[in-house]
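What follows is a short report on a single structure.
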Amino acid sequence: MENRTHTCGELRSQQKDNQVVLCGWVDSRRDHGSLIFINMRDIYGITQIVFDPAENEKTYASARELKPEYVIKVTGKVRHRPDGMVNPEMATGEIEVIAQEYSILNRAETTPFPIIDNVDASEELRFRYRYLDLRRPELQKNMIVRHKTSQIVRQYLTGQDFLEIETPYLMRSTPEGARDYLVPSRMQKGKFYALPQSPQTYKQILMIAGYDRYFQIVKCFRDEDLRAERQPEFTQIDIEMSFVSEQDVFNIAEGLMKQIFKDLLDLELKTPFPVLSYDDALNTYGSDKPDLRFGMKIKDVSKIVAESEFKVFSTTVKNSGIIAGLNLKGKADYSRKQIDGLNNFVLQLGGKGVLFAKVRTDGWDSSIKKFLTEKMMNEINHIMESEPGDLLILIAGDRKKTMELLGSLRSKLGKDENLIGENEFRPCWVTEFPLLEYDEEQDRYIAMHHPFTSPNEGNTELFESDPGAIKARAYDLVLNGYEVAGGSIRNHNYETQMKVFDLLKINAEEAKEKFGFLLDGLKYGAPPHGGIAFGYDRLVMILAGENSIRNVIAFPKTTSALSLMDNSPAEVDAKQLEELGISISDFRIRNGRNNTFLRNER
RNA sequence: GGGGUCGUGGUGCAGCUUGGUUAGCACAUCGGCCUGUCAAGCCGAAGGUCGCGGGUUCGAGUCCCGUCGGCCCCGCCA
């Protein structure tokens, strides 16, 4: 077999008159009867091949058999395209290859969807034929971005003296946090490993072992429900450092981000990134992952309307709730339908309703106008910076809930109203998270970040008086409304760690049973340490300009955690279960389900 | 666990509100014509268990119930 001399993406007019051999897929065919054009594609690009009877009568005559996705090898000569025929849209558009001969390396049936960008196929179909989906230039580009990102991460962190160390995928199941994926043990029947939700305990152990700076690009597993930005198995850039405070971790994370954006997008991220406290983020943007690409900040008008005749306002303030709102600039022309749409959006999120005011030159147009004094409306206009033509959106209720509702509304409006600039990246740190949050269901405090997070220094007196007010030495890195990284300074002191467990109602015995190895480690000279973990898929998604992480993962699962290509999960042989000492109650009959068989029939 | 939305030739959609001849359109496919296309063009043809199951009805793509699957969201995700 004659060897490939060039890829389909590299020929330019410099190679004019070169004899070349190209291999690739037939991308498209334009048959003019006595002249055939074929676009030939590989991962590197597309090159136009011409079949002309004047060049080789026999080759031209048989070339009509070539169909999309046939794998072919073409031998021919590079030539500059005739005047006016250069295609500036194509990287190789100034040349074409005039075919002397070709061979078909493999034929292809008509594909279920065309192998093109912006394909009009359902995700269901794309997942079932993922090998075809991945052949599309769009996804190939995403996989390249993903690869490059990992190379930059390894290079950058290695340059900062980090060691890449692998940690086990088979570990013990630990309480707290997400639901574990379990792996039954054959040798220890009735016992299970868990797949790691993150290598948290291992990386702390590595710090105790004196490795100083660790990183790993590592798969993590969480058996929770999926979202556009959540998969059951996902990848983290996991980082841990000894003898550090928050600022040291920030510096590394910022340096890494800077490097990635520079190398990949040729963009200079300004450092240091702005820092917001959790409270500020919530009170200004209604979210602990604020999108800073646009303004429309939330304004609290509680004080202004506390004494109003509108019962909803006055009782809300009396019950220590708030009235707050957004100013949607220049949208006083919103129709009834659009306003109802916003109201329904909030109702769906569990809100009680939204109040609107259209600001006109002669005052407000609003259902609540009659309850408010002129002075109140003026003050609201002032604080919300409203002008005639604006639409004010107000919500009343419990502080946290109201802020969150406005935050959701804000991000929805930011997208719907195109308030977000193209190619804009606005990272920030969110800090001073609460250490704990109260879980009504379990009637106890649970760790907001994770149970190894260090409480803020100087918060010790709150342990007794008001645990909910303790701040954590935790931080999130937020980019364009996505949490792209999160971490904390850990407890390296045994006593402090036990105090936190105490707050979490994990008694000494249970702590010893579940985390004994780490707790023991803390007693043998654990250095102060802390770290951070990046959501690698999310980061690549943002870098690739995608809005679903499924487009930057080669083989993702659907929102019901199925793999449509290989039909997993699937039943296993009785023999396999027997070896594991596992018996299955017949849930399929009980639930009237038989989907596995139906799907296999396709 | 809950809410929303979608499922119709290979693909993307229309038809469903108000049940009634032969399920319509575009792209792809197949055949023919065509020497400069790059979303090629023109002419013609073939291609449908309307996701699956049940019910109502003389009659169901259309109405009802259930179920499976895709996507989005709430809960959940330390």
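The values are calculated or read from the model by the stated rules, or taken from the named source; none is laboratory data. Owing to the predicted nature of the structure, the values given are computational and were not obtained by experimental measurement. Heads up, the Cβs are rebuilt from the backbone with ideal geometry, glycines too, and the neighbour counts pull from every protein chain shown.
Just a few scattered comments:
- Counting the residues of the range A:153-175 that are at pLDDT 95 or above, exposed (fewer than 14 other Cβ atoms within 10 Å of the Cβ) and not aliphatic (A, V, I, L, M) gives 6.
- Among the candidates A:540, A:572, A:552, the residue that is over 19 Å from residue A:227 (Cα atoms), away from RNA strand B (no atom under 11 Å from the Cβ) and either loosely packed, with under 12 Cβ neighbours inside 10 Å or not charged (D, E, K, R) (or both) is uniquely A:572.
- Considering residues of the range A:461-479 that are modelled with pLDDT of 95 or more, touching a helix residue (DSSP H, G or I) at 6+ places or on another chain (Cβ under 7 Å) and more than 25 Å from residue A:526 (Cα to Cα) only, the residue surrounded by the most Cβ atoms within 10 Å (Cβ to Cβ): A:477
- Filter result (assigned to a loop (DSSP other than H, G, I, E, B) and within 12 Å of RNA strand B (Cβ to nearest atom)) within the range A:196-211: A:196, A:197, A:198, A:199
- Test: residue in the range A:259-275 that is surrounded by fewer than 19 Cβ atoms within 10 Å (Cβ to Cβ) and part of a strand (DSSP E or B): yes
- Meets criteria (modelled with pLDDT under 90, over 18 Å from the mean Cα position of the chain (by Cα), within 14 Å of RNA strand B (Cβ to nearest atom) and not in a helix (DSSP H, G or I)) for residue A:441: yes
- Every residue from the range A:298-321 that is free of Cβ contacts under 8 Å to residues at least 40 places away in the same chain and either small (Gly, Ala, Ser) or touching a Phe, Trp or Tyr at 6+ places or on another chain (Cβ under 7 Å) (or both): A:302, A:306, A:314
- Qualifying residue in the range A:285-292 (condition: assigned to a loop (DSSP other than H, G, I, E, B), farther than 18 Å from residue A:401 by Cβ and not charged (D, E, K, R)): yes
- The set of residues in the range A:153-171 that are over 21 Å from residue A:193 (Cα atoms) and β-branched (Val, Ile, Thr) comprises A:153, A:158.
- In the range A:328-435, counting only helices (runs of 4 or more DSSP H) that sit wholly within it, the ones holding 2 or more residues that are closer than 30 Å to residue A:546 by Cα and not β-branched (Val, Ile, Thr) span A:336-348, A:399-416.
- When residues of the range A:444-474 are limited to those that are of a type in the set (Val, Ile, Thr) and touching a strand residue (DSSP E or B) at 6+ places or on another chain (Cβ under 7 Å), the one farthest from RNA strand B (Cβ to nearest atom): A:470
- Any hit, the range A:45-52, residues being surrounded by fewer than 16 Cβ atoms within 10 Å (Cβ to Cβ), within 10 Å of RNA strand B (Cβ to nearest atom) and more than 19 Å from residue A:4 (Cα to Cα): no
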